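One structure below.
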Amino acid sequence: MAGKRASIEDFDVAAFDLDGTLLSRDLRLSRASVEALEALRERGMRVIVATGRRFEGAVEYVERLGFREEDPIICFGGAMIRRLSGETLLHRTVPRDLSAEVVEWARERGIHSRIFADGRVIASPETPAALAHLRTFYEPDVVVRDNLSWLCSKEAEDPTKLVLVDYPDEIEGWLPEAREAFAGRLFVTRSLPHYVEIGGLEGRKSLALEFMCGLWGVDPARTLAFGDAENDMDLLEFAGCGVAMGNARPHVRAVADDVAPPIDEDGVARYIERLLGAG
């Protein structure tokens, strides 16, 4: 799509990240964004959310975006696809032994870790960084315990995803080491500035969207995708037209086919309005 001015007729599916793309840092969804997605539906396009959030953390916002019970949500960064009704279409997990290796790696470095099992979050004891950055992310079903011991217990299941939480500047220092430690075994990526997501190699947004394209019988070239963070880069590269938000970091914008205005200017809505006008 690069080098060609796109119009709405070029696409059958539109995929949207939440945080930093549709959802502002103060967790606000604009009326313009809600209306933009509805305008796409009225033109016959399929609309899907592709978020790093777990299913339970995405539902409120997806409902406000006009999604219905039968609509699928790509969540956990692509490790799960679940309809709003609760029906699971795809679920990729991380083996417990490999998950334990991640937790131990983090513990040796004093990094807060969280294990996301379906419907539960098992968190290591809080660190100053976790207290500083997670205070606005209240989750009622977080269990704080020795999560390495939990992984070895009879009640444990293979996690869907793990998250490491630290100060953004500190992450810059150890993220390359983490990627090297788990290269070829796990997908290590960054979503929020203080969040590093670790999942299976197949637990990516691009592969989840590819799965849905197969289910819907849609050519991937006819997909449009919006994102702002490193965990959106594979999605932007996969889509027929990947659109980075203006608030995305330069290396994220570099892999995109186009750039929308930043989220604080209702970038998604403005971009869709332009597409509809071109159509």
Inspect the stretch 107-117 for any residue being of a type in the set (S, T, N, Q), modelled with pLDDT of 85 or more and either surrounded by fewer than 19 Cβ atoms within 10 Å (Cβ to Cβ) or more than 18 Å from Ala58 (Cβ to Cβ) (or both) and give the result as yes or no.
yes
Does any residue of the stretch 72-79 turn out to be open to solvent by 20 Å² or more (accessible area, probe 1.4 Å) and either more than 25 Å from Gly214 (Cβ to Cβ) or at pLDDT 95 or above (or both)?
no
Collect the residues in the stretch 19-39 that are open to solvent by less than 50 Å² (accessible area, probe 1.4 Å), out of contact with any Gly (no Cβ under 8 Å at 6 or more places or on another chain) and either hydrophobic (A, V, I, L, M, F, W, C) or in a helix (DSSP H, G or I) (or both), keeping them in residue-number order.
Leu22, Leu23, Leu29, Ala32, Ser33, Ala36, Ala39
Has the stretch 216-236 got any residue that is more than 22 Å from Asp10 (Cα to Cα) and among the hydroxyl-bearing types (Ser, Thr, Tyr)?
no
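For (1) at pLDDT 95 or above; (2) within 19 Å of the chain's Cα centre (by Cα); (3) over 15 Å from Arg54 (Cα atoms), each residue gets a yes or a no:
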site: Lys154; (1), (2), (3): no, no, yes
site: Pro159; (1), (2), (3): yes, yes, no
site: Val165; (1), (2), (3): no, yes, yes
site: Pro168; (1), (2), (3): no, yes, yes
site: Glu177; (1), (2), (3): yes, no, yes
site: Glu180; (1), (2), (3): yes, no, yes
site: Gly184; (1), (2), (3): yes, no, yes
site: Ser191; (1), (2), (3): no, yes, no
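One line per residue, one yes/no per condition, for (1) open to solvent by 20 Å² or more (accessible area, probe 1.4 Å); (2) assigned to a strand (DSSP E or B); (3) aromatic (Phe, Trp, Tyr); (4) out of contact with any Ser or Thr (no Cβ under 9 Å at 6 or more places or on another chain):
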{"position": "Trp150", "(1), (2), (3), (4)": "no, no, yes, yes"}
{"position": "Ser153", "(1), (2), (3), (4)": "yes, no, no, yes"}
{"position": "Leu162", "(1), (2), (3), (4)": "no, yes, no, no"}
{"position": "Glu172", "(1), (2), (3), (4)": "yes, no, no, yes"}
{"position": "Glu177", "(1), (2), (3), (4)": "yes, no, no, yes"}
What about Glu210, is it outside any helix (DSSP H, G or I) and open to solvent by 60 Å² or more (accessible area, probe 1.4 Å)?
no
Taking Ile48 as meeting all but one of (1) of a type outside the set (Lys, Arg); (2) touching a Phe, Trp or Tyr at 6+ places or on another chain (Cβ under 8 Å); (3) open to solvent by 30 Å² or more (accessible area, probe 1.4 Å), write down the number of the exception.
(3)
Scan the stretch 246-262 residue by residue and report those that are in contact with a Gly (Cβ under 9 Å, 6 or more places away or on another chain) and either open to solvent by less than 70 Å² (accessible area, probe 1.4 Å) or not in a helix (DSSP H, G or I) (or both).
Gly246, Asn247, Ala248, Val252, Val255, Ala256, Asp257, Asp258, Val259, Ala260, Pro261, Pro262
Taking the stated definitions as given, is Val243 outside any helix (DSSP H, G or I), within 20 Å of Met212 (Cβ to Cβ) and modelled with pLDDT of 95 or more?
yes
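The values are calculated or read from the model by the stated rules, or taken from the named source; none is laboratory data. This is a predicted model, so every value here is computed, not measured. Every residue, glycine among them, receives a Cβ derived from its backbone with ideal geometry; neighbour counts consider all protein chains shown. What goes into the accessible areas is simple: the full protein's heavy atoms, side chains included, and nothing from ligands, DNA or RNA. Shrake-Rupley method; radii C 1.70, N 1.55, O 1.52, S 1.80 Å.
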